[in-house]
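Report on the structure given below.
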Amino acid sequence: MSVSSESDALPGVERTAGREHRDIVVGLDRAEVRIGPSTIWSDVSFQVVAGEFTAVLGPNGSGKTTLLRVLVGELPLTTGIASVLGEPPGAQNRRIGYLPQRRHFDAAIRIRGVDLVRLGLDGARWGLPIRRTGRERVEETIAMVGAEGYASRPIGRLSGGEQQRLLIAQALVSRPSLLILDEPLDSLDLPNQTGVAGLLARICREQGVSVLLVAHDINPLQPYLDKVVYFGSGAAAVGTPTEVITSDTLSRLYGVAIEVLRTADGRLVVVGLPEAPAHHHDRHEHHDHS
């Protein structure tokens with residue numbers, strides 16, 4: 001089963017009113033990935049245009065991180081076509097800012113936040129001088145994420161939200177066209193989740209950077225998103241949040257009755273979502289927890 005076809009899956013899928021002239025940053029056309037005998041997902045089609053904020057959602061094991069591996073050229077498609085910044089996956093990685101699944105910094109780590117950000121510049125390494133233009137770019141990027149007040153402190157002594165802002169700055173300092181983040185809200189409390197989501201939305205709007213973000217929970221992201229790619233049962237539904245996160249769409253995606261409720265404060269609650277089945281490919285994707 002697939003519900004990702006742009007022509008017949010969802011009304012209005014891939015409508016980007018007022019954005020038709022903008023460059024396609026990520027494109028998948030009837031894409032399929034297999035690992036060993038297992039099909040992770042198939043017939044997935046969507047586009048992300050310049051300056052668009054897209055969330056990749058779905059339960060554990062549904063293939064969210066698999067998508068990221070495809071986009072950076074680490075995992076080939078079995079069938080279909082993928083392009084990233086106008087080239088095959090992997091060819092334009094220097095123009096991608098990538099933030100992997102959350103790292104945890106021990107309190108004893110002495111590297112400062114500013115040094116962590118500096119490592120995101122091409123060629124910047126410990127012990128090597130950095131050009132003045134590089135210093136200015138690091139300072140500008142730290143200011144962009146609102147981390148000026150604590151960037152000079154050791155990263156291990158910062159809160160989870162402060163660390164995450166500096167990691168986002170590290171991914172942004174090279175001025176990428178595409179920012180890919182794998183569960184950047186994981187382990188953050190709700191205020192920090194909301195703050196990071198708002199920061200990424202502002203980066204999209206002000207810097208024209210496309211953001212592709214893997215997450216489990218749509219609620220902190222919902223006010224800011226342009227598009228959702230929702231994986232489940234080997235397929236994906238693509239569209240705006242209101243198009244995808246519905247009882248009808250998720251029930252079609254999973255083949256069982258699922259109810260989506262909206263609370264008084266606007267949060268979405270999904271009821272009846274089945275657990276993701278265990279796949280043989282789990283041992284091949286030891287770092288894909290999504």
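The values are calculated or read from the model by the stated rules, or taken from the named source; none is laboratory data. The structure displayed is predicted, hence computed values, not measured ones. Reconstructed Cβ throughout: ideal geometry from the backbone, glycine too, with neighbour counts over all protein chains shown.
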Item to check | Count of residues meeting criterion [of a type in the set (Ser, Thr, Tyr) and surrounded by fewer than 17 Cβ atoms within 10 Å (Cβ to Cβ)] in the stretch 184-201 | outcome: 1
Item to check | Among residues of the stretch 33-64, those that are farther than 26 Å from GLY208 by Cβ and of a type outside the set (A, V, I, L, M, F, W, C), counted | outcome: 13
Checklist entry - Among the residues of the stretch 170-211 satisfying the criterion of being of a type in the set (Gly, Ala, Ser) and closer than 27 Å to GLY61 by Cβ, which is modelled with the lowest pLDDT? => result SER187
Next on the checklist: Here's a check for you: in the stretch 65-81, which residue that is hydrophobic (A, V, I, L, M, F, W, C) and in a loop (DSSP other than H, G, I, E, B) is farthest from the chain's Cα centre (by Cα)?
Outcome noted: LEU77
Checklist outcome for this item: Within the stretch 117-166, residues being part of a loop (DSSP other than H, G, I, E, B), more than 26 Å from the chain's Cα centre (by Cα) and either modelled with pLDDT under 90 or not polar (S, T, N, Q) (or both) number 9
Checklist entry - Mind checking whether some residue in the stretch 56-63 is modelled with pLDDT of 95 or more and in contact with a strand residue (DSSP E or B) (Cβ under 7 Å, 6 or more places away or on another chain)? => result yes
